[in-house]
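What follows is one structure encoded as structure tokens, with my remarks underneath.
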Amino acid sequence: MLRKDFEEILGSEIISLTGGLVAGFLLTFAVDKLYLIPSLFILFPGFMEMRGNISGTLSARLSAGLHVGAFRPVHRKKDIVRGNVLASVVLVVLLSLFLGMLAYYVSMEFFGVANPNIILIALLAGILSNVIEIPITIISTFWIFKHGHDPDNIMGPYVTTMGDIVSILSLLIAVYVV
């Protein structure tokens, strides 16, 4: 049992490390765009943390429900799953809006740059990252549990890393769209 847990945790941490390198590599493509919008520097850390935390919580709740038998991996449309997905969506929208407004006001106050588009960028990036990350989190959690692994050992580093990559891509897409 200890060996299995160790292998699961080690594997997920290796994925996390590799994913962190990929996320950093993706970010290097956007450095010139980040310099053009100073409020992105304010938005970026909070936005990156938000994705991993919300998806990690969603995965932990799903994992707990699977462990206690509240539902099985084939019951993806169960009310418990829907409620957790709805909570994740509401959290992302509200926090994205809050982070966008915070970035706007801090940028205006400290840098003298008033760019209200940062609120739209944060909201669009939050919604886009949700559309990508929530289904992947649900499917991965169920798949890992169905194959005899403990999602609690694997999903934390996995969704955090996936959140980093998806967040960077979502922010870049939102910047280009807006």
* **Any pair with Cβ under 6 angstrom, 6 or more apart, that starts in region 3-20 at a residue that is under 10 Å from HIS149 (Cβ atoms) and ends at one that is assigned to a helix (DSSP H, G or I)** => ASP5/ASN153; GLU8/ASN153; GLU8/ILE154; SER12/ILE154; SER12/PRO157; SER12/TYR158
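Out of contact with any His (no Cβ under 9 Å at 6 or more places or on another chain), under 21 Å from GLU133 (Cβ atoms) and assigned to a helix (DSSP H, G or I), is that true of LEU34?
no
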* Asked: Checking PHE142 against (1) farther than 25 Å from THR160 by Cβ; (2) of a type in the set (A, V, I, L, M, F, W, C); (3) surrounded by 17 or more Cβ atoms within 10 Å (Cβ to Cβ), which single condition isn't satisfied?
  -> (1)
* Asked: Would you pick out the residues in region 95-113 that are closer than 16 Å to LEU58 by Cα and surrounded by fewer than 16 Cβ atoms within 10 Å (Cβ to Cβ)?
  -> none
* Do the conditions hold for GLU109, that is, is it among the acidic types (Asp, Glu) and farther than 19 Å from LEU171 by Cα? -> yes
* Among the residues of region 145-178 satisfying the criterion of being over 16 Å from MET48 (Cα atoms) and in contact with a Ser or Thr (Cβ under 9 Å, 6 or more places away or on another chain), which is surrounded by the fewest Cβ atoms within 10 Å (Cβ to Cβ)? -> ASP150
* Structure fact -> With criteria (1) of a type outside the set (Lys, Arg); (2) on the phi < 0 side of the Ramachandran plot; (3) more than 19 Å from the chain's Cα centre (by Cα), LEU91 comes up short on (3)
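Bear in mind these aren't lab numbers, they're just calculated from the coordinates by the rules spelled out. None of these values were measured; they are calculated from a predicted model. In this analysis, Cβ positions are derived from the backbone assuming ideal geometry, glycine residues included, and neighbour counts consider all displayed protein chains.
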